[in-house]
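A short worksheet on the structure shown next.
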Amino acid sequence: MTVATQQELVERIWARDATVWTGADEDKWLGWLDEPKRMQERAGEMSDFAADARKRFDTFVLLGMGGSSLAPEVLKRTFGAKQLHVLDTTHPAMIRHAEKSLDLSKTMFIVSSKSGGTLETLSHFAYFWEKTGANGEQFVAITDPGSALEQLAKTRSMRVFAGEPTIGGRYSALSPFGIVPAALMGIDVDRLLTNGGRMAEACRGDASPGLRLGLQLGDGWREGRDKVCITETEGRFGLWAEQLIAESTGKQGKGLVPAPGEGPEGPDRQAAQVELADTSEIGAEFFRWEFAVAVAGATLQINPFDQPDVQAAKDKTKEVLASGEDPSVEAEGSLDELLATAEPPNYIAIQAFIDPMCESELQPLINRGHETGCVVTHGLGPRYLHSTGQLHKGGPPTGLFVQVVDDTGEEIPIPGEDFGFGRLIRAQAEGDFRSLEERGRPIVRVRLEDL
């Protein structure tokens with residue numbers, strides 16, 4: 001691509017030209033281009049709210065999934081914030097842990113969902129609303145205008161921060177979904193957004209850092225190097241970038257496979273550097289990667305702003321729950337046989353519906369995967385359903401899937417539902433297993449205690 005052509009691509013993206021991609025509705029999802037500047041005008045409001053909240057509460061718990069949880073999780077890790085906890089699992093062990101380790105009377109809950117209808121988030125909300133005695137002052141909602149969550153929050157006298165409807169969840173790091181939690185952590189959000197705005201301006205020029213990264217990702221994909229080996233940072237930036245890349249590009253049988261922390265040596269791999277000279281640069285880095293993935297989407301000739309296959313696992317989960325039966329989620333298939341077929345360009349995706357505090361117990365399985373010479377990714381369920389799940393179902397048919405389950409322990413009822421958190425996470429595991437099977441994806445299920 002010539003310099004003139006590159007500059008034309010940049011100009012067309014900023015002009016909201018949907019034909020950069022597929023000419024569908026991409027122009028309706030480009031609000032993230034202006035969000036750093038727009039949010040700088042709201043930074044004072046959010047900082048004032050957070051300063052008051054920190055006087056009244058010791059701890060903050062974010063209830064959210066995917067685009068609502070991953071940027072706050074990475075910000076928490078990057079800045080070493082101790083007072084914010086992200087709850088993005090339905091595993092009963094973590095619900096019990098949160099309840100036992102927190103002083104609920106001194107905890108504020110951030111209910112975060114763009115659509116306002118996220119099952120996991122609404123289940124968490126219902127549970128902690130009851131546990132705190134239905135005190136609206138302990139809850140704040142972040143959601144798009146007009147959502148059911150917004151209406152419910154208003155009836156419960158909760159503070160509501162409105163999202164920008166022209167931004168999809170995975171592009172929302174520099175929107176209220178990332179900035180409100182950042183402010184509650186005591187992060188200098190004005191500096192964060194100033195750096196994001198500086199990168200946005202840099203991405204308008206012919207030396208656009210986002211363009212360079214995006215062209216690298218796209219050129220690598222053309223050459224068969226579709227595994228993006230993202231340098232791991234202390235703040236685990238890859239957790240956020242993983243969703244951005246996988247959900248944006250993994251469709252129509254093609255896509256980039258994010259592999260945070262994996263070595264870039266190999267014919268199907270490319271290296272991708274995270275550039276963080278200091279922690280405050282993360283605002284710029286969020287924007288650089290957003291722009292880059294939009295550019296890569298143009299190379300792949302897909303719509304980087306939709307997620308056509310994400311609903312499949314949700315529908316299967318609903319079917320399992322509606323049956324009234326408790327899914328058994330017993331071991332299924334042969335792990336040995338699956339791994340015996342593995343060779344590049346395959347990738348091995350470990351999908352662990354387990355207590356997040358036991359994540360380190362997956363290491364022997366990760367090691368076995370590496371012995372095949374394939375890239376190995378791993379994600380916790382149901383978090384990954386909102387992150388890499390689109391790629392697994394709609395992306396290239398090179399994935400080999402290993403679902404890991406454990407004993408969820410004593411059931412915890414969900415107020416207003418005829419199922420509890422244990423049955424919900426088992427239904428989510430079973431729903432995704434069936435969804436992948438239906439698409440002909442090789443998948444086995446193993447139990448954590450058998451690894």
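The values are calculated or read from the model by the stated rules, or taken from the named source; none is laboratory data. Note that the coordinates shown come from a computational prediction; the quantities given were computed from them, not determined experimentally. Every residue, glycine among them, receives a Cβ derived from its backbone with ideal geometry; neighbour counts consider all protein chains shown. When the accessible area is computed, the model is the full protein with side chains, heavy atoms only, and any ligands, DNA or RNA have been set aside. Shrake-Rupley method; radii C 1.70, N 1.55, O 1.52, S 1.80 Å.
Report the charge-dipole magnitude of the chain in Debye, nearest 20, computed about the Cα centre from +1 at each Lys and Arg Cβ and -1 at each Asp and Glu Cβ.
Numbers: 46 positive and 69 negative charges, 188 e Å.
Result for the chain is approximately 900 debye, rounded to the nearest 20.
Using a 10 Å cut-off on Cβ atoms, rank the peptides 31-39, 96-104 from the highest mean neighbour count down.
By packing density, highest mean first, the sequence is 31-39, 96-104.
Below 12 Å, Cα to Cα, which aspartates and glutamates can Lys318 reach? Residues fewer than 8 away in the same chain don't count.
Glu430, Asp432
How far apart, in nanometres, would the label points at Arg54 and Glu337 be if each is projected 7 angstrom from Cα along the Cα-to-Cβ direction?
Taking the two extended label points, one gets 5.7 nm.
If you roll a 1.4 Å probe over the heavy atoms of the protein chains, what accessible area per residue do you get for the chain, in Å²? Spell out each step's value before the answer.
Details: 16860 Å² over 451 residues.
The answer is 37 Å² per residue.
Using the per-residue mean of other Cβ atoms lying within 10 Å as a proxy for protection, in what order, highest first, do the peptides 179-190, 80-91 fall? Could you put the intermediate results ahead of the total?
Values: 179-190: 24.2, 80-91: 20.6.
Descending packing order for the listed peptides: 179-190, 80-91.
Starting from 0.36 nm per residue, how many nanometres of slack lie between His370 and Glu411 once their C-alpha separation is accounted for?
11.2 nm
In the chain, what percent of the accessible surface is made up of carbon and sulfur (1.4 Å probe, ligands and nucleic acids excluded)?
Carbon and sulfur together cover 47 percent of it.
Grab the other residues whose beta carbon is less than 10 angstrom from that of Leu62, score K and R as +1, D and E as -1, and report the net.
Values: positive: Lys76; negative: Glu73, Asp88.
Taking every Cβ under 10 Å from that of Leu62, the sum is -1.
Going through the cross-link list Lys131/Lys316; Lys82/Lys314; Lys37/Lys254; Lys131/Lys154; Lys154/Lys314, which pairs have a Cα-Cα distance over 22 Å in this structure?
Long pairs (Cα-Cα over 22 Å): Lys131/Lys316; Lys82/Lys314; Lys37/Lys254; Lys154/Lys314.
Candidates (1) 130; (2) 142; (3) 150; which is the computed volume of the Cα convex hull per residue in Å³?
Derived directly from the coordinates: (1).
Below 13 angstrom from the Cβ of Gly324, what's the summed charge of the other residues (Lys, Arg +1; Asp, Glu -1)? The partial results should precede the final answer.
On the way: positive: Lys318, Arg423; negative: Glu319, Glu325, Asp326, Glu417, Asp418.
Local charge sum for Gly324: -3.
Sketch the reach of a paramagnetic label on Asp450 as a point 7 Å from Cα along Cα-to-Cβ, and name the residues of the stretch 318-342 whose backbone nitrogen lies under 20 Å away.
The answer is 326-342, whose backbone nitrogens lie closer than 20 Å to the label point.
For Asp88, what charge total do you get from the other residues with a beta carbon under 10 Å from its beta carbon, if Lys and Arg give +1 and Asp and Glu give -1? Numbers along the way, then the final one.
On the way: positive: Arg383; negative: Glu73, Glu120.
Local charge sum for Asp88: -1.
Compute the label zone of Thr2 within the stretch 287-307: residues whose backbone N is under 20 Å from the point 7 Å along Cα-to-Cβ.
Label zone hits: 299.
Can you tell me the FRET efficiency between Asp278 and Asp315 if r is taken as the Cβ-Cβ distance and R0 is 25 Å, rounded to the nearest 0.05? Mind dumping the intermediate values first?
Details: r = 44 Å, r/R0 = 1.76.
It comes to 0.05.
Applying a 10 Å radius around every beta-carbon, put 194-204, 280-290, 265-275 in order of their mean neighbour count, most first.
For the peptides 194-204, 280-290, 265-275, the packing ranking is 280-290, 194-204, 265-275.
In nm, to one decimal, how far is the modelled label at Ala15 from the one at Glu137, with both set 7 Å along Cα→Cβ?
Between Ala15 and Glu137, the label points sit 5.5 nm apart.
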